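Trainee: One structure, pasted below without further comment.
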Amino acid sequence: MRKHIIFAFLLLFFSCDSNIEFINYNSVNGSWHKDSIQDFSFELNHLQEEEYKTYINLRINNDYKFSNIFLIVVLSDSLNIITKDTLNFKLADKSGIFLGDKRINLIENSLLHKEKISLENNMKYYVSIEHAMRVINKVGGLEYLNGIVDVGYKVEKIK
């Protein structure tokens, strides 16, 4: 009986995220420099072109002093830029409480990048993410964005 329970638990555990095709994180150790572009690459191996959702994953801590974040995200293949977006994501509500999944001293946000995008299979894709945060009434970007622990990228197959 015990083996059946363990098997059922393992089956449930491993089947929960079966639609995730790619997920990876880069650590920025609590301070993301404006010139530190976070790069990711992935390849999809299916028989036909599929549709996907893509996400930017951020892990932040209480040192993060803003309620939002501006990101520049470029998705390309080996030949062309597919999309280049400047995105503004809300990370806290009006009272300053961080949104996302809270874990001890980290808040994890999975921010939708593309809701529905067709990607060819057996092709390598590249993603670059940089922050574009500014301080009001100052020229140039914020050099160090404190409170960012990890930057990630996730690709999910739409079922």
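Trainee: Residue-wise, which Karplus ³J(HN,Hα) couplings in Hz belong to the stretch 88-102, taking 6.51 cos²θ - 1.76 cosθ + 1.60, θ = phi - 60°, and x for glycine or proline?
Mentor: Calculated HN-Hα couplings, in order: 10, 10, 7, 10, 9, 7, 4, 8, x, 7, 5, 8, x, 7, 8 Hz.
Trainee: For a quick check of understanding: with a 1.4 angstrom probe and all protein chains in place, what accessible area in square angstrom does LYS138 have, to the nearest ten?
Mentor: 140
Trainee: Restricting to Cα pairs below 8 Å that are 6+ residues apart, what does the relative contact order work out to for the chain? Please round to a whole percent.
Mentor: Across the chain, relative contact order equals 43 percent.
Trainee: Over the chain, with the other protein chains present, what is the accessible area per residue in square angstrom, probe 1.4 angstrom?
Mentor: 64
Trainee: Oh, and also: Using the Karplus equation 6.51 cos²θ - 1.76 cosθ + 1.60 (θ = phi - 60°), what ³J(HN,Hα) coupling, rounded to whole Hz, does each residue of the stretch 140-149 give in order, writing x for Gly and Pro?
Mentor: Computed from phi, the couplings for the stretch 140-149 are x, x, 5, 5, 10, 9, 6, x, 8, 9 Hz.
Trainee: Which entry in (i) 51, 32, 27; (ii) 62, 44, 26; (iii) 45, 34, 25 is this structure's computed Cα extents along the principal axes in Å?
Mentor: Of the listed options (i) 51, 32, 27; (ii) 62, 44, 26; (iii) 45, 34, 25, (ii) comes from this structure.
Trainee: Something else now. So how compact is the stretch 82-159: Cα radius of gyration and Dmax in angstrom?
Mentor: 15.7, 47
Trainee: Then there's this: Out of the total accessible area of the chain (probe 1.4 Å, heavy atoms of protein only), what percent is carbon and sulfur? Don't skip to the end; give the middle numbers.
Mentor: Details: 5250 of 10110 Å².
Carbon and sulfur together cover 52 percent of it.
Trainee: Tell me, what is the percent relative contact order of the stretch 33-91, built from C-alpha pairs under 8 Å that lie six or more residues apart?
Mentor: 25
Trainee: Another question about this same structure. Describe numerically, in nm with one decimal, the distance between label points set 7 Å from Cα along Cα→Cβ at LYS159 and at GLN48.
Mentor: Here the modelled spin labels are 1.8 nm apart.
Trainee: My understanding is that a pair violates if its Cα-Cα distance is over 28 Å; which of LYS102/LYS124; LYS53/LYS124; LYS116/LYS138; LYS34/LYS114; LYS53/LYS138 do that in this structure?
Mentor: LYS102/LYS124; LYS116/LYS138; LYS53/LYS138
Trainee: Leaving ligands, DNA and RNA out of it, work out the accessible area of SER118 with a 1.4 Å probe and give it in Å² to the nearest 10.
Mentor: Here the accessible area works out near 60 Å².
The values are calculated or read from the model by the stated rules, or taken from the named source; none is laboratory data. In this text the structure is predicted, and so the values were computed from the model without any measurement. As a convention, Cβ positions derive from the backbone with ideal geometry for all residues, glycine included, and neighbour counts pool all protein chains shown. What goes into the accessible areas is simple: the full protein's heavy atoms, side chains included, and nothing from ligands, DNA or RNA. Shrake-Rupley method; radii C 1.70, N 1.55, O 1.52, S 1.80 Å.
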